[in-house]
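Novice: First, the structure itself, so that you have it in front of you.
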Amino acid sequence: MYETNYHRASSVEDAVRLKSSAEEGKYLAGGMTLIATMKQRLAAPGDLVDIRHIAGLKFISVTGRSVRIGAATTHYDVASSPELKAICPAICDLAHHIGDPHVRHMGTIGGSVANNDPAADYPAALLALDAVIVTNQREIGAADFFTGLFETALEEGEMIVAIAFEAPERAAYAKFRNPASRYAMTGVFVARRDSGDVRVAVTGAGADGVFRHAGMEAALAQNWSPDALSGATTDPADLLSDLHASSEYRAQLVKVMAKRAVAAA
Amino acid sequence: MAKVKMTVNGRQVGSDCEDRTLLVHFLRENLALTGTHVGCDTTQCGACVVHMDGRSVKSCTILAAQAAGSSITTIEGMAKDGELHPVQAAFKANHGLQCGFCTPGMVMTADDMIRRHGANLDEATVRAELDGNICRCTGYHNIVKSILAAAQEMRAVPQAAE
Ligand SMILES: Cc1cc2nc3c(=O)[nH]c(=O)nc-3n(C[C@H](O)[C@H](O)[C@H](O)COP(=O)(O)OP(=O)(O)OC[C@H]3O[C@@H](n4cnc5c(N)ncnc54)[C@H](O)[C@@H]3O)c2cc1C
Ligand code: FES
Ligand code: FES
């Protein structure tokens, strides 16, 4: 790892100030992506602004069906929250299958969302839940937030403070884990509201990162059952292909994971 | 370079290190606690697992500076008064190790999962909880056996005291 300067922020304002006074600074949350990439020398920020100790960024609040999760809340805390489990077990289940127990003890929802790894789990949930990403400056809808591989709508210095969404009546996430890395080789999050609104979001597969599957959404709006997806197709030309899986294989995984998610919802 | 202070195995410690120093190197090189191992550079093997404020973490992917002010427990802090911790004793009794390289991380992981799951810890849960720990020798069977035995032992202790 190259040299770096560590700063610990005591509040959101403090963090933004520390970051803006650094030439090439980065926010540091759980470090499960950032420290790991710095060790490989793939990232070399001159300054790190640690936001993990900001008390106001670690919370889960549930009011009626409205959910708000602080950016520095760990995957473990999301997975094991009884309030969240009562109203949206799908997101607890998703968090419980990120990485391994030690990664879940450190990694945070804000860090995962800001990083927008094409194989990360949370982006699929946020897109399907029509979540809002709350920053120190504004609120950004998930549909506008995830802009490409490792790309988001965040501006330089902008910091995520919370994630907010209305819990749908039914939801589930099905993930085909890469057996070595534990990331999603394909993951599908489905959500259905009593209003009839259906969303299907796919991660781990898209060549441009997380995406909504319009064909599946239409089929499930007509008939909310795994069978409704039998004829659904995904064009391999839009999907990733790597040593783990070809795009044709991923296209098939999208269908199978979507069916499993609907069956579990 | 800054002085980093934390509590390690119940003892207040402080030592100068660069901001980029990883917690595992701080433990091994500054504090000479070499029980915590480094087995990979991709945050995957779990040889480096310690407890930070009561939760298992990978000390190879945390800066010492991030851990400043926290309470750390390493494998050296497990045995008390010359008596092996129940998890250590179970690994010994069940042949839960061969070369022993992964063992410190396995023991710290086992203790963490036993505390979180209590009586609900079954074989499938143990195997899932070992997702972040790699062993090149044992094939895991005896590790799982050791953890289940330790869980039973640790449940039995408070009952016996009643
Ligand atoms: C072995 C291993 C397995 C993993 N498996 C999975 C998996 O299965 N699924 C999955 O989804 N992920 C997986 N991950 C990644 C993990 O979920 C990370 O925790 C997550 O991607 C990043 O969160 P963090 O809090 O650790 O962020 P950090 O690593 O601290 O930061 C990541 C990036 O986000 C920025 N950032 C952090 N917080 C904020 C904020 N509040 N506002 C703005 N920017 C911010 C940082 O500057 C940095 O660029 C795995 C990681 C490891 C090491
Ligand atoms: S050395 Fe920490 S996970 Fe391998
Ligand atoms: S006993 Fe040798 S690596 Fe596990």
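The values are calculated or read from the model by the stated rules, or taken from the named source; none is laboratory data. Only a predicted model underlies this, so the values are computations on that prediction, with no experimental measurement involved. Heads up, the Cβs are rebuilt from the backbone with ideal geometry, glycines too, and the neighbour counts pull from every protein chain shown. These area figures cover heavy atoms from the full protein model, side chains too; ligands, DNA and RNA do not enter into them. Shrake-Rupley method; radii C 1.70, N 1.55, O 1.52, S 1.80 Å.
Novice: What residues have an amide H closer than 5 Å to that of A:Y27, excluding those fewer than 5 places away on the same chain, when H is modeled at 1.01 Å from N in the peptide plane?
Specialist: A:V49
Novice: When you look at the Cβ of every residue in B:131-141, what mean number of other chain Cβ atoms sits within 10 Å?
Specialist: 2
Novice: Considering only A:S195, A:S80, A:S225, give the residue with the highest GNM mean-square fluctuation for chain A, with springs between Cα atoms whenever their separation is below 10 Å.
Specialist: Between A:S195, A:S80, A:S225, it is A:S195 that shows the largest mean-square fluctuation.
Novice: How large is the helix-only mean residue ellipticity at 222 nm for chain B, computed as the sum of -39500 (n - 2.57) over DSSP H runs with n ≥ 4, divided by its residue count, in deg cm²/dmol to the nearest 500?
Specialist: -10000 deg cm²/dmol
Novice: Express the relative contact order of chain B as a whole percentage, based on alpha carbon pairs under 8 Å and six or more residues apart in sequence.
Specialist: In percent, rounded to a whole number, it is 23.
Novice: Could you sort the peptides A:201-207, B:69-75 by per-residue average Cβ neighbour count (10 Å cutoff), highest mean leading? Intermediate values should be presented prior to the final figure.
Specialist: Values: A:201-207: 27.6, B:69-75: 19.7.
Ranked from most to least packed, the peptides come out as A:201-207, B:69-75.
Novice: At 7 Å along the Cα-to-beta-carbon direction for both A:A207 and A:A237, put a label point, then send me their distance in nm to one decimal.
Specialist: 0.8
Novice: In whole angstrom, note down how far apart the Cα centers of the stretch B:7-70 and the stretch A:136-203 are.
Specialist: Each part's Cα centre sits 33 Å from the other's.
Novice: Something else: Put simply, what bits of the stretch B:27-52 lose 20 Å² or more of accessible area when the other protein chains are there, versus the chain on its own (1.4 Å probe)?
Specialist: Checking the loss per residue gives B:D41, B:T43, B:Q44, B:M52.
Novice: What is the gain in length, in nm to one decimal, between A:T63 and A:S20 on full extension, counting 0.36 nm per residue of separation less the C-alpha to C-alpha distance?
Specialist: Length gained between A:T63 and A:S20: 12.0 nm.
Novice: Under unit Cβ charges (Lys, Arg +1; Asp, Glu -1), what dipole magnitude, rounded to 20 debye, does the stretch B:86-157 have relative to its Cα centre?
Specialist: 140
Novice: What residue among A:V103, A:V198, A:V190 has the largest mean-square fluctuation in a Gaussian network model of chain A, using Cα springs under 10 Å?
Specialist: A:V103
Novice: Let me ask something else. For the stretch B:77-130, what is the Kirkwood hydrodynamic radius in Å, using each pair of distinct C-alpha atoms?
Specialist: 11.9
Novice: Could you sort A:168-175, A:51-58 so that the peptide with the highest average Cβ count within 10 Å comes first and the rest follow in order?
Specialist: On the way: A:168-175: 22.0, A:51-58: 18.8.
My ranking of the peptides, most packed first, is A:168-175, A:51-58.
Novice: Report Rg/Rh for the stretch A:177-256, rounded to two decimals, where Rg is the Cα radius of gyration and Rh the Kirkwood radius. Can you show the working numbers first?
Specialist: On the way: Rg = 12.9 Å, Rh = 13.0 Å.
Over the Cα atoms of the stretch A:177-256, Rg/Rh equals 0.99.
Novice: May I pose another question? Please work out the Cα convex hull volume for the stretch A:68-160 and give it in Å³ per residue. Intermediate results must be reported in sequence, preceding the final value.
Specialist: On the way: hull volume 8.4 nm³, N = 93.
Once divided by residue count, the hull of the stretch A:68-160 is 90 Å³.
Novice: So, for the stretch A:102-222, what is the accessible surface per residue at a probe of 1.4 Å, expressed in square angstrom?
Specialist: 34
Novice: Mind listing the long-range amide H neighbours of B:V50? Cut-off is under 5 Å, sequence gap 5 or more, other chains count too, H placed in the peptide plane at 1.01 Å from N.
Specialist: B:V57, B:S59
Novice: As a test of the formula, what do you get for chain A when each DSSP H run with n ≥ 4 contributes -39,500 (n - 2.57) and the sum is divided by the residue count, at 222 nm and rounded to the nearest 500 deg cm²/dmol? Write out the running numbers ahead of the final one.
Specialist: Numbers: 11 runs with 85 residues, N = 265.
When only DSSP H runs of four or more count, the value is -8500 deg cm²/dmol.
Novice: Could you tell me the total accessible area buried at the B-A interface, probe 1.4 Å, in square angstrom to the nearest hundred?
Specialist: 2500
Novice: For the stretch B:86-157, what is the accessible area per residue in Å², given a 1.4 Å probe and the full set of protein chains?
Specialist: Values: 3280 Å² over 72 residues.
Result: 46 Å² per residue.
Novice: Moving on. Please give the average number of partner chain Cβ atoms lying within 10 Å of the Cβ of each residue in B:8-16, rounded to a whole number. Intermediate values should be presented prior to the final figure.
Specialist: Values: counts 0, 0, 0, 0, 0, 0, 0, 0, 0.
Taking all residues of B:8-16 together, the mean is 0.
Novice: So, one more: How much net charge surrounds A:L149 when only other residues with a Cβ under 11 Å from its Cβ are counted (Lys, Arg +1; Asp, Glu -1)?
Specialist: Values: positive: none; negative: A:D117, A:E151, A:D208.
Local charge sum for A:L149: -3.
Novice: With just the Cα atoms defining each centre, how far is the stretch A:213-231 from the stretch A:24-50? Give it in Å.
Specialist: 41
Novice: Within the stretch A:148-168, list the residues whose amide N lies under 14 Å from a label point set 7 Å along Cα→Cβ of A:D197.
Specialist: Output list for this probe position: A:164-168.
Novice: Just to check, using Stokes-Einstein with a Kirkwood Rh over alpha carbon pairs, what's the diffusion coefficient of the protein assembly as shown at 4 °C and 1.567 mPa s in µm²/s?
Specialist: Working: Rh = 22.6 Å.
Roughly 57 µm²/s, to the nearest whole number.
Novice: Also, I was wondering about something else. Dividing the Cα convex hull volume of the stretch B:18-162 by residue count, how many Å³ per residue is that?
Specialist: About 118 Å³ per residue, rounded to a whole number.
Novice: Next question, about the same structure. Multiplying the sequence separation of B:E83 and B:Q98 by 0.36 nm and subtracting their Cα-Cα distance, what value in nm do you get? Intermediate values should be presented prior to the final figure.
Specialist: Numbers: separation 15, 0.36 × 15 = 5.40 nm, distance 2.13 nm.
Result: 3.3 nm gained on full extension.
Novice: Something else now. Put one equal scatterer on each alpha carbon of the stretch A:5-50, apply the Debye formula with no solvent term, and list log10 I(q)/I(0) at q = 0.16, 0.32 1/Å to two decimals.
Specialist: Treating every Cα as an identical point scatterer, log10 I(q)/I(0) equals -0.39, -1.16.
Novice: List the residue ranges in chain A for DSSP H helices whose C-alpha atoms run 18 angstrom or more along the long axis and whose Kyte-Doolittle average is -0.5 or above.
Specialist: On the way: long enough: A:247-264 (25 Å, 0.08).
Helices meeting the criterion: A:247-264.
Novice: Please report the net charge: other residues with Cβ closer than 12 Å to the Cβ of B:L23, K and R +1, D and E -1.
Specialist: Surrounding charge for B:L23 is +2.
Novice: Provide the FRET efficiency to the nearest 0.05 for the B:A32-A:A164 pair, computing r from the beta carbons and using R0 = 56 Å.
Specialist: With a Förster radius of 56 Å, E is 0.75.
Novice: Using Cα pairs closer than 8 Å and at least 6 residues apart in sequence, work out the relative contact order for chain A, in percent.
Specialist: Details: 594 pairs, mean separation 39.6, N = 265.
After rounding, I find 15 percent.
Novice: Continuing with this model, one more query. With Cβ to Cβ distances under 14 Å as the rule, what net charge do the other residues near B:S56 carry (K, R +1; D, E -1)?
Specialist: Numbers: positive: A:R104, B:R55, B:K58, B:R115, B:R116; negative: A:D100, B:D53, B:D111, B:D112, B:E129, B:D131.
Result for the neighbourhood of B:S56: -1.
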